[in-house]
Each structure stands twice: as structure tokens, then as C-alpha cells.
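Colleague: A single structure is presented below for examination.
The values are calculated or read from the model by the stated rules, or taken from the named source; none is laboratory data. On a predicted model such as this, the values are computed, not experimentally measured, just so you know. When we count neighbours, we look across all protein chains shown, and the Cβ atoms used for this are built from the backbone with ideal geometry, even at glycine. Just the protein is used for accessible areas: all its heavy atoms, side chains included, with ligands, DNA and RNA removed. Shrake-Rupley method; radii C 1.70, N 1.55, O 1.52, S 1.80 Å.
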Amino acid sequence: KLCASLIATASVMLLYLALRRRADETTAGLLTAVYAFGTTTWAVSSQALWMHGPASLMIVATLLLLTGRVTAARIAAAGFCCALIVCIRPPDAVLAAALALFAIAWARHRIWLFVCAGAIPAGLLLAYNVTLVGNFFGAYAGISHNGLDSFLNDNPVEGLAGLLVSPTRGLQ
């Protein structure tokens, strides 16, 4: 829980820094407080090392990098962080794509740095998936509709009770 809380804290701090580039201290502080306490950032991200916290951190880090001055180091770091968003949590590919589209206009003729830096974590993830799972898309590709239907036909009362009183996820 300590590591997860630190990740959530880091995303809040980085968001404040990104907002300070576009707003005054009061507005940035209020918007950061809304992000920290008005969203699921603390409720989900600080409870366990699920993929939500690290993905949020990479999204905010990419925003911070993309709102700064254009330098070769920032372009490469933004590409690396943007690719990590998808590697950590594949459903966030839509957000990463939007950030990458902005990066095209931001980095201009040095977009190759963004792409090359992003290819590092993406390439490592693809190599891992092919080596251990035998598929480019990893374990997600192995989900069949028949298996998913039987998985979703569990007793909802038992499932709700497990979520509420489970030692790892229950109300604490």
C-alpha cells in the first residue's frame, strides 16, 4: 500500500506542476485537489499496485512533458512515457493515441525521437508476450467467448460479498 500511495502521490504532484504551466497557483491547486480527492485516484490507485495507479502516473508524466519546452530529452521521455501507458494498461491506448497526436505537432521534425523512445517499452512488451504467452497481444488474446460467458455467470451475491469483505479488497 505504501508504494501504491507513493505512485498516486507522484501523479498528483506532477499534475500540479503541469497545471502550473497553464494556470495560476490557486486554480492549479483547486484542480489538483479535484483530481486527488474527486476522482478514484486515491480510492483505487493507493489501495494496491494495480495497473490504474502506474498508468495514471504515466499519463500525467506525459502531459507534463508535452506541456514543456521542446527539447530532445523531453521528446524522448514523452515517447517513452506515452508507450508505457499502453504497456501498463492496454485500454488506455485511446488516451495514449491522443497524446501522441499532440506530440506530432509539439515535436515537429524531431518526432522520430518520440517514436524511437516509445519503441523501447513497446518492443520489450511484445518480446515478452511472444516469448512467454506465444502471442503478440499477450494473455488478452487468449480469452474466448465461451470461457468469458461461464466466468460471468457466477453468483453476483457471492461476488459482491467477496468484494466487500475480502481481506485484500474489502472495506478496510
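Colleague: Please go through segment 60-112 and give me each residue that is touching a Lys or Arg at 6+ places or on another chain (Cβ under 6 Å), open to solvent by less than 30 Å² (accessible area, probe 1.4 Å) and of a type outside the set (A, V, I, L, M), ordered by number.
Modeller: Filtering segment 60-112 down to residues touching a Lys or Arg at 6+ places or on another chain (Cβ under 6 Å) leaves 65, 67-68, 75.
Those still in the list that are open to solvent by less than 30 Å² (accessible area, probe 1.4 Å) too: 68, 75.
Of everything in segment 60-112, just one residue is touching a Lys or Arg at 6+ places or on another chain (Cβ under 6 Å), open to solvent by less than 30 Å² (accessible area, probe 1.4 Å) and of a type outside the set (A, V, I, L, M), namely Gly68.
Colleague: Being of a type in the set (D, E, K, R) and closer than 15 Å to Ala100 by Cβ is the filter here; which residues of segment 43-87 pass it? Lay out the reasoning, then the answer.
Modeller: Applying the first criterion (of a type in the set (D, E, K, R)) to segment 43-87 yields 69, 74.
Arg74 - this is the single residue of segment 43-87 that is of a type in the set (D, E, K, R) and closer than 15 Å to Ala100 by Cβ.
Colleague: Within segment 6-51, take every residue that is open to solvent by less than 40 Å² (accessible area, probe 1.4 Å), modelled with pLDDT under 90 and of a type in the set (S, T, N, Q) and give me the one that is farthest from Leu66 (Cα to Cα).
Modeller: Ser46
Colleague: In segment 23-69, which residues are part of a helix (DSSP H, G or I) and of a type in the set (D, E, K, R)?
Modeller: Of the residues in segment 23-69, the ones part of a helix (DSSP H, G or I) are 25-38, 41-45, 52-66.
Glu25 - this is the single residue of segment 23-69 that is part of a helix (DSSP H, G or I) and of a type in the set (D, E, K, R).
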